[in-house]
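The values are calculated or read from the model by the stated rules, or taken from the named source; none is laboratory data. Computed from a predicted model, the values in this text were never measured in an experiment. Cβ coordinates were reconstructed from backbone atoms using ideal geometry, including for glycine residues, and neighbour counts include every protein chain displayed. Heavy atoms of the whole protein, side chains included, go into the accessibility calculation; ligands, DNA and RNA do not. Shrake-Rupley method; radii C 1.70, N 1.55, O 1.52, S 1.80 Å.
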Amino acid sequence: MSLSPPVDVQPPPQPPPQPRASNLRRWKNKLTSKEGWVGDYDFGWLCSPTLPFGPQKSRRMPPFYALDADLPLLLAIVCGFQHALAMLAGLITPPIIFSSALNLDPPLQAYMISSSLIACGILSLVQMSRINIWGNYYLGTGLITVVGTSFATLSTAFAIFDSLYANGTCPTITASDGTASRGPCPDAYGMLLGTSLICSFLEIFLSFVPVRILQRIFPPIVTGTVVVMIGASLIGSSGILNWGGGSNDCSSRPDTGIFRLCPTIFAPRPLPWGSPEFIGLGFLSFVSIILTEIFGSPFLKNASIIVGLVVGCIVAGAAGYIDGSSIKTAPGITFLWVHTFKIRVYPPAILPMLAVYISLAMEAIGDITASAEVSHVEIDGPEFDSRIQGGILSDGLGGFFSALFTVTPLSIFAQNNGVIAITRCANRTAGRICCGFIILFGILGKISGVFLAIPNPVLGGVTTFLFATVATSGIRVLSYIKWRRRERFILAAALSFGFGDLLVPTIFTHLFDGVKNPGTGLESFFSSITIVLSTPFLSAGIVAVLLNLILPLEVAEDNDRNPEPEEITREDSNVEAGESTAEEEKPTKRRY
């Protein structure tokens, strides 16, 4: 009997593991393990207060989490909340200022805050995406580039509102004693939305212009000048006025009428504008920001604006300055389109709003560069150019959809770059969680009522600092310039118009008074020119762009026309860490 050799029976091939099952196992491990929740991140470092006058302990900085790294759940939630706190004050400020300038009723004001939060959360998700449209064209940056209501719109909107009140489109209420005050004008806000909606197509078009051409037209000498003037004009037109008691008609201290006291005579504790009590409240908020920067943990430093608001509100509430009616009237739950506005186009505002969208594109280029730098990705080459293109396109589409969401144009916020640098978390998961927090804050209508109840002096003390940081960002951009006679000349000429408008805002108001009986079209054109010239950052930006294009390069500059990229290091807050991380950080190159 012969035995046949054993047959090597191969098991049947197993099908590859299904991605869905693999994802389920990964999430199970993440939810049930300490590594999945905490990882190796040093939360003690993030939350430990700073003691500048004692011995400094050297502590190693936490690990850096890249865009798509596997992020521990607790860190994702904490960093997402940190991003939300960092941008919260900037998100609520513009709708509060818009609604106050138009004297809208509290329920409508609360809705404007909620709609701003919801729209910013939704459109930030789009901006963080990196969706390939076709070829090398993308939608979004693929970075933690959150968006918020643009401060650049405020100065232009004030000029537009002044024009609408002056020509009778918005009502002016005359009291029995002859004093005049501005009445509620929601239609003006609707005109601002409609005009911004059609003008958003300009930024959409600019997104398809090669990035190198945009950088040649809008170099740092232009963008820095514009950002400086935006911050400076907002301090004068809103921040410091609210610090004194209010930016409405009470700032002129009339002898009669409801605005003879700030914010009105119906407030819980009305006082004349500039009273020491108001100045003290604003100063308390301002000092709270400074003390947080000195003694606060890295987590609190990124939320110093919120700390200033909270401390100021606690003292103001104890002293009886807070009116809680806005909280009572605010709905528990709200969403977009609970209130609507008549969206119409105001022809004289078209030219100024086009200039605003150009400034938004300039601002986006600088902010995306900063975001890419702190996120440890390339800031030169085709991929970086596509991030800028996608960011500007998302900005333009954001301006279109934000108007449909009843929100003024949005732009990329630079505040979150500091959060990335300090927390060392550039992960988009944290960014998406941040968007979830922002949307939640907007849906909970009572939160908007709380924001609306913030007294003007507290808001002014905080926003004055916030607007000053905007101007500081512009100065930082200007610091990258190689200062020669040509650059000094351009900046001096631009600031002549910018600071002139800022200090004497009525200089161009009567420019066309000598034209008798102009037609409707010509009158609209005159109004457009007046609005542009009366807006500091627009007039300064136009002068800077024109002179940069027409002034020839000096002979000594020929060799510097295409300078070698400069090596700069990232701002990774090594002071807080107590040690250098040079072994981890490689210098990056910035192209200008």
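Over segment 35-143, Cα pairs under 8 Å with separation of 6+ residues give a relative contact order of 19 percent.
Note that segment 234-317 shows a convex hull volume over its alpha carbon atoms of 88 Å³ per residue. Taking every Cα-Cα distance in segment 254-301 and sorting them into 5 Å bins starting at zero, the pair-distance distribution P(r) comes out as 5, 20, 18, 14, 11, 9, 10, 7, 4, 1 percent.
Using the alpha-carbon positions of segment 424-549, Rg (one decimal) and Dmax (whole number) come out as 21.4, 62 Å.
Using a 1.4 Å probe, what is the accessible area per residue for segment 298-407, in Å²? Walk me through the numbers before you get to the answer.
Values: 4000 Å² over 110 residues.
Value for segment 298-407: 36 Å² per residue.
Here segment 244-332 exposes an accessible surface that is 68 percent carbon and sulfur, computed with a 1.4 Å probe and the other protein chains kept in place.
Between the residues LEU336, PRO95, LEU67, the greatest Cα displacement towards the positive end of the dipole of the chain, with unit charges on the Cβ of Lys, Arg, Asp and Glu, is found for LEU336.
Calculate how large, on average over all directions, the projected area of the Cα convex hull of the chain is; give the answer in nm² to one decimal. If I average the Cα hull's projected area over directions, I get 38.2 nm². Extension gain for the segment THR169 to ALA492, taken as residue separation times 0.36 nm less the Cα-Cα distance, is 112.5 nm to one decimal. The alpha carbon centroids of segment 203-239 and segment 412-430 are separated by 22 Å.
Rounded to the nearest 500, what is the 222 nm mean residue ellipticity of the chain from helices alone, with -39500 (n - 2.57) per DSSP H run of 4+ residues and division by all residues?
For the chain, the value works out to -18500 deg cm²/dmol.
Averaging the sequence gap over all C-alpha pairs within less than 8 Å and six or more residues apart, then dividing by the number of residues, gives segment 350-492 a relative contact order of 19 percent. Checking every one of the GluC sites (Glu not before Pro) in segment 301-389 against DSSP loop status and a limit of 15 other Cβ atoms within 10 Å picks out GLU378. Taking all protein chains together and rolling a 1.4 Å probe, MET128 ends up with roughly 0 Å² accessible. When the chymotrypsin sites (Phe, Trp or Tyr not before Pro) in segment 176-227 are filtered for DSSP coil states and for at most 15 other beta-carbon atoms within 10 Å of their beta-carbon, the remaining sites are PHE208.
Can you grab the distance from the C-alpha centre of segment 155-196 to the C-alpha centre of segment 449-523, Å, no decimals? One Cα centre to the other: 21 Å.
If one computes the Cα centroid of segment 132-149 and of segment 348-410, what distance in Å separates the two points? A separation of 9 Å, based on Cα centres. Given Cβ point charges of +1 (Lys, Arg) and -1 (Asp, Glu) and nothing else, what value in debye, to the nearest 20, does the dipole of the chain about its Cα centre take? In total the dipole reaches around 840 debye. DSSP bridge analysis restricted to the chain gives an antiparallel fraction near 95%, rounded to the nearest 5.
Each Cα pair under 8 Å and six or more residues apart adds its separation to the average, and for the chain the resulting relative contact order is 27 percent.
Overall dimensions of segment 58-188, expressed as equivalent-ellipsoid semi-axes from the Cα gyration tensor (√(5λ), whole Å, largest first), are 42, 19, 12.
Using only side-chain charges placed at the Cβ, +1 for Lys and Arg and -1 for Asp and Glu, the dipole size of segment 272-371 relative to its Cα centre rounds to 340 debye. Within segment 86-111, name every residue whose backbone N is under 11 Å away from a label modeled 7 Å from Cα of THR469 along the Cβ vector. What the label zone holds, given the 11 Å backbone N cut-off, is 86-91. Since only THR141, GLY121, GLY236 are under comparison, the one whose Cα sits farthest along the positive direction of the charge dipole of segment 103-252, derived from C-beta charges on Lys, Arg, Asp and Glu, is THR141. Each of the peptides 507-516, 82-91 was scored by the mean count of other Cβ atoms within 10 Å over its residues; in descending order, highest first, they stand as 82-91, 507-516. Annotation: per residue accessible area for segment 105-242 equals 32 Å², rounded to a whole number [probe 1.4 Å, protein chains only].
Available extension along the chain between ILE333 and ILE198 is 45.5 nm, counting 0.36 nm per residue and deducting the alpha carbon span.
Given R0 = 56 Å, the distance between the Cβ atoms of ASN29 and ALA318 translates into a calculated FRET efficiency of 0.70. Which entries of LYS28/LYS301; LYS301/LYS482; LYS342/LYS446 have Cα-Cα distances beyond 30 Å here? The pairs that break the limit, which is 30 Å between Cα atoms, are LYS28/LYS301; LYS301/LYS482.
If you sort the three axes of the alpha carbon gyration tensor as a ≥ b ≥ c, you get a/c of 1.5 or more for segment 193-285 and a/b above b/c, which makes it prolate. Full extension of the chain between ILE290 and ILE507 yields a length gain of 74.4 nm, computed as 0.36 nm times the residue separation minus the alpha carbon distance. What number do you get for segment 278-416 when its Cα radius of gyration is normalised by 2.2 N^0.38 Å, N = residues? My calculation over the Cα atoms of segment 278-416 gives 1.42.
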